[in-house]
Ligand code: ADP
Ligand code: ASP
Ligand code: MG
């Protein structure tokens, strides 16, 4: 029997009514003769609420206890969905990540999934049950509950779909596809029929929260097609797959615009270390210390003072890691005899993404000109073959996305 894997995000299971709606959809698939595995996120903003609750108790939570706490949200939605299904006469069982065989690395809060052991899952499917699994979590080698990073239920779903060798992983959410940019910021944004793993991975990594970046990475490794679609409608959404498969499906690649999409990351912060003595080894020391604390550093810029004896360095980190990043940087600054450490969480990152960008010169200059016309100051810039990112003041981020979306004609039908 073919197995179908569905994933429902927080908004899609946000209320008892919505859970019943999901149950009806899932039951229909099972009634049509398929085995069904469902991965769920926590209801609505439950995870945020659990984190707020945590901050009322402590400023420096123990990572193990953090995972114990935030993983509970998914248990609520999974068990409720299983009960809603049972209530409709559809046999169902809910499993935690650990019970479902999701094994992760031994790292709290942002572990990778190492493997999915299918024994229990297969047994429940064989018994004719719909299996509802808590997303966002697994267990490590000690048997501790581990979470896999905010938004990680998408990755749970793709990993489970890949282990089950499903044809496609259906990810149901509150938008009906991947758009040229967040439709909440630009209502004229255009829905994409297809997007390649590479472009989607870049969009997701650069802040388009519609998919967890590692879900796209995992899908590309296993060549798993992701169908991102609405949990309220039955319409076709967006297919995320390899360029070869896109070619097969639509006969031709979609017109290769230089820029395919725009992402906004409002979850970053900037750290600066000023007047660091300009000698070999300083960057290695600073970024080595940050890496040792498992702090992900994204953009890095260094400027040399005219005297040539000292340099300023600035870098960005995820906003929740700012406090720790500043502490580590201050420690290193002292050892290096740098002048001072500054930080700013009032920043956002705006990025253009597109595989075609590499072959079309002028994209960067047009981006900078557009921002300048909007009187938006660029604080940092990084580029790669398929993206250009600028850090701007947080309050200007959305306006930057709107202006760029228009300037690059992304609202026009391709
Ligand atoms: P879920 O709870 O289902 O995982 P998320 O809130 O994580 O849903 O992701 C869906 C949201 O992603 C949408 O409501 C939309 O505002 C946002 N989003 C950001 N960028 C894009 C994009 N390029 N296309 C579609 N949605 C986007
Ligand atoms: N509930 C988790 C979060 O809010 C995981 C997810 O939604 O994918 O981050
Ligand atoms: Mg999500």
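Where a number appears in this text, it was derived from the coordinates with a stated rule and is not lab data. Here the structure is a predicted model, which means the values were calculated and not measured. All Cβ positions, glycine included, derive from the backbone under ideal geometry; neighbour counts span all protein chains shown.
Taking the DSSP beta bridges in the chain as the whole, what percent of them are antiparallel, to the nearest 5? Rounded to the nearest five, the antiparallel share is 65 percent. The alpha carbons of the stretch 158-210 occupy a box of 38, 20, 17 Å along the principal axes, longest dimension given first.
Between residue 50 and residue 142, what FRET efficiency follows from the Cβ-Cβ distance if R0 is 22 Å, with the result rounded to 0.05? So, using R0 = 22 Å, E works out to roughly 0.50. With contacts taken as Cα pairs under 8 Å and at least 6 residues apart, the stretch 1-69 reaches a relative contact order of 39 percent. Calculated from the alpha-carbon coordinates, the stretch 150-289 shows an Rg and a Dmax of 18.3, 60 Å respectively.
Using only the Cα atoms of the stretch 243-306, build the gyration tensor, take square roots of its eigenvalues as a ≥ b ≥ c, and label the shape rounded, prolate or oblate: rounded if a/c is under 1.5, else prolate if a/b is larger than b/c, else oblate.
Values: a/c = 3.05, a/b = 2.66, b/c = 1.15.
Prolate shape, in that a/c is at least 1.5 and a/b is the bigger ratio.
Counting only DSSP H runs of at least 4 residues, each contributing -39500 (n - 2.57), and dividing by the residue count of the chain, the helix-based mean residue ellipticity at 222 nm comes to -10500 deg cm²/dmol. When only alpha carbons of the stretch 302-382 are considered, Rg and Dmax amount to 16.7, 45 Å.
Hey, if you drop one equal point scatterer on each alpha-carbon of the stretch 247-358 and run the Debye formula without solvent, what base-10 log of I(q)/I(0) do you get at q = 0.09, 0.12 Å⁻¹? Normalising to I(0) and taking log10 leaves -0.35, -0.53.
Mind pulling the per residue volume of the convex hull built on the Cα atoms of the stretch 1-160? Å³ is fine.
Numbers: hull volume 14.8 nm³, N = 160.
Convex hull of Cα atoms, per residue: 93 Å³.
With 20 Å bins beginning at zero, the pair-distance distribution over Cα atoms of the chain amounts to 25, 54, 20, 1 %.
When each of the peptides 4-13, 75-84, 328-337, 18-27 is scored by the mean number of other C-beta atoms lying within 10 Å of its residues, the order from highest to lowest reads 4-13, 75-84, 18-27, 328-337. Taking packing as the residue-averaged number of other Cβ atoms within 10 angstrom, the listed peptides 149-157, 118-126 run from highest to lowest as 149-157, 118-126. With all pairs of separate Cα atoms included, the stretch 138-227 yields a Kirkwood hydrodynamic radius of 13.9 Å. Highest average first, the peptides 30-36, 228-234 ordered by how many other beta carbon atoms sit within 10 Å of their residues are 228-234, 30-36.
Between the alpha-carbon centers of the stretch 13-87 and the stretch 155-177, tell me the distance in whole angstrom. What the calculation gives is 16 Å, centre to centre. Between helix 363-373 and the chain there is an angle of about 70 degrees, using the helix long axis and the longest principal axis of the Cα atoms. The stretch 91-138 to the stretch 307-370: how many Å between their Cα centroids? So the separation of the two Cα centres works out to 38 Å.
Overall, the anisotropy analysis places the stretch 204-259 in the rounded class: the square-rooted eigenvalues a ≥ b ≥ c of its C-alpha gyration tensor yield a/c less than 1.5. Computed from label points 7 Å out along Cα-Cβ, the spacing between residue 168 and residue 412 is 3.1 nm.
PRE reach from residue 126 (point 7 Å along Cα→Cβ): which of the stretch 28-57 fall under 18 Å by backbone N? Of the residues in the stretch 28-57, 35-37 have backbone N under 18 Å from the label point off residue 126. Counted residue by residue at 0.36 nm each, then reduced by the alpha carbon distance between them, the extension gain from residue 62 to residue 88 reaches 5.3 nm. Translational diffusion coefficient of the stretch 1-96 at 20 °C, 1.002 mPa s, Stokes-Einstein with Kirkwood Rh over Cα pairs, in µm²/s as a whole number. Rounded to a whole number, D works out at 150 µm²/s.
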